[in-house]
1. Name the residue, out of ALA224, ALA230, that is under 30 Å from ALA40 (Cβ atoms) and either open to solvent by less than 20 Å² (accessible area, probe 1.4 Å) or not aromatic (Phe, Trp, Tyr) (or both).
2. Out of all the residues in the range 102-150, which are among the hydrophobic types (A, V, I, L, M, F, W, C) and open to solvent by 50 Å² or more (accessible area, probe 1.4 Å)?
3. Test PHE561 against the stated conditions and say whether it is buried (at least 16 other Cβ atoms within 10 Å of the Cβ) and farther than 30 Å from ARG244 by Cα.
4. For residues in the range 256-278 being open to solvent by 60 Å² or more (accessible area, probe 1.4 Å) and assigned to a helix (DSSP H, G or I), which is farthest from THR522 (Cα to Cα)?
5. What tally of residues in the range 327-338 results from selecting those that are open to solvent by less than 10 Å² (accessible area, probe 1.4 Å) and either at negative phi or among the β-branched types (Val, Ile, Thr) (or both)?
6. Name the residue that is least open to solvent (accessible area, probe 1.4 Å), counting only residues in the range 53-67 that are over 18 Å from SER78 (Cα atoms) and among the charged types (D, E, K, R).
7. How many of the residues in the range 489-503 are more than 31 Å from the chain's Cα centre (by Cα) and free of Cβ contacts under 8 Å to residues at least 40 places away in the same chain?
8. Considering each of THR182, THR211 in turn, give the residue that is of a type in the set (S, T, N, Q), surrounded by 23 or more Cβ atoms within 10 Å (Cβ to Cβ) and on the phi < 0 side of the Ramachandran plot.
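The values are calculated or read from the model by the stated rules, or taken from the named source; none is laboratory data. Remember, predicted model here, so these are calculated numbers, not experimental data. Counting neighbours? That spans all protein chains shown, and the Cβs are built from the backbone with ideal geometry, glycine included. For accessibility, only protein heavy atoms count, side chains too; no ligands or nucleic acids. Shrake-Rupley method; radii C 1.70, N 1.55, O 1.52, S 1.80 Å.
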Amino acid sequence: MKNKIKLSLFSLTILGLASCDMDAPTLSTLDESTMFSTYALAEAEVMSINVSFGETNSYRGRYLPYYGLNNDVEVGNSPDLTKAGDDGKNDLWNFNTRSTNSQMNTDNNAYAMFYQGIERANLAIQGIRKYGNIEVNKDMAQLLGEALTLRAVLYNDLIKAWGDVPARFVPNNSDNTYLPRTNKDVIYKQLLADLLEAENYCYWPNENSITKTTERVSKTFVKALRARLALYAGGYALRGDGYRRSNDPELAPEKMFQIAKEECEDIINAGYNKLGTFEENFRKLCQDNVTAGGESIWEIPFSAGRGRVLYTWGIKHNAKDQYTQQAQGGVNGPIAYLFYDYDQQDIRRDITCIPYEWSSDLKNGNSHVTFRAINKWCFGKLRYEWMNRIVTSTNDDGINFQYMRLADVYLMAAEAENELGNTAKAWDLMKPVLDRVLPADKVAALQAKYTASQQTFREGIYDQRAFEFAGESLRKFDLVRWGIIDQKMAEAKTKLTALQQRTGAYSGLPNKVYINGTEDATQIQMYGFNMGEDDATYISTLDGWESKNWFVSTKEGVETFNLEDKYINGLYTVERPSSHCIWPIWQTFIDKSNNMLNNNGNLGQL
């Protein structure tokens, strides 16, 4: 059972805030000293920060569906990625986003909602520092740590999407109503310091009743988030004078790798979280299992009637059927070649990449599986079929968004160790992630390949983070921070062309694929997706199965590619994705900023 977010009258006073980046709130009539010296009331204020995640056009319906696309593993599911479209969605994916984008250029959109959450966090931080008696009351200290951490989450995602943004670390007042953009390095340093402080306040998972759920911030999450931010701060980013690393010596790569190494290895050595199987993690997410101590470290909490996670990242259902009363899913999916790039024995492949959907035609209320198309794969980590409840909302499914899991901690630690020159140790940290998804001989082969040099291990990190986290919206900024987004996006177009024509690594893949059309999610069988699965004798036994020409279709004697050029060319529509790897600040906020905001480039001068 999920925890319900408590929201007090004090926090309700800031529900409608938005202007340049945030208007000053009307002060509540409740006494601040009472509010932040009483645990239950202070807890409600901290929990109100979570409300900003679930606002209609915040994480729920704008940031989580659209940020992170397109990249070399995740795309928006549009057969024609070159088409701008009236709704502006493709413009958010193609690295050529306009400040007037119709999905985003509204006062109540994600940019404003993030600052709404930051203001709630600022009020809670200030109040608890003044009145919480945190030196004596450890539970109140936990709340301060949570507020600092949730503020860091919001700023992390602001920077990822918009680059340099106004820095607001105190509640709004007459002196800071209008602020210019702040160099992201200044914000990163503040967040790294905040999280180091929060580590002293937060309990480990299950160390206290507060941290028995993945919907609450634990010390594990504080440390993992600090590691992630260190890797981001020490990596490449788009700046006013180009795409480069920071020049600030405090954010030098070796210092940031050292932070990531120490934080991640503290988590692993403490042992409060454990890796289960790959599939188990996602089944638990779909089953609303928020028990702390497993692979899941922290999730953005959505109530049962809120959040569009399955809607966006789940398998497509075309009708209200035996598994859901919501005909949604499949908005985003794996890039067309991803399935074929996995090792055939990699457990992650058939969980992550799904070539089918659930049909619109029903028999006795039941849908059956039917093929999608090579340009419209689904992600399968999240499935209505795995839920313990039937979704009845039109758009919202209530599945939490998993923001951090333990496999990421292992791979961040492996990356940091390798960059610090400890490739053998790096392999020891990568191995547990691979042991659960590949046969022992395949793991041994990867060990020999990856540990040959620091560079080969670095490339192994690139590959394994793709295979492990596809469909979790981490990849785009990974490519940005590594400095390889231009290279990998160009490679993606090359690979798509090879797949289209079945040349190179994709030569010999069968054109015809088959599915058994079952109504039972546990009995789905397919044929034709692996090399050699074109045995005519075996195919003759598939009578009654649905078949489809997957790569090439023939009409009136003319063969055409199912993976069209407009899909390939629309992956990005600028010369260099690195020069357009952030969104502009939306025009509505620029217009109301008293001339303090613009899109003339990020500061990046430190």
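1. Checking each option against the conditions leaves just ALA224.
2. VAL136
3. yes
4. GLN258
5. Here the count works out to 7.
6. Step by step, filter the range 53-67, then rank; the result is ARG60.
7. Residues meeting the conditions: 1.
8. Exactly one of THR182, THR211 is of a type in the set (S, T, N, Q), surrounded by 23 or more Cβ atoms within 10 Å (Cβ to Cβ) and on the phi < 0 side of the Ramachandran plot, namely THR211.
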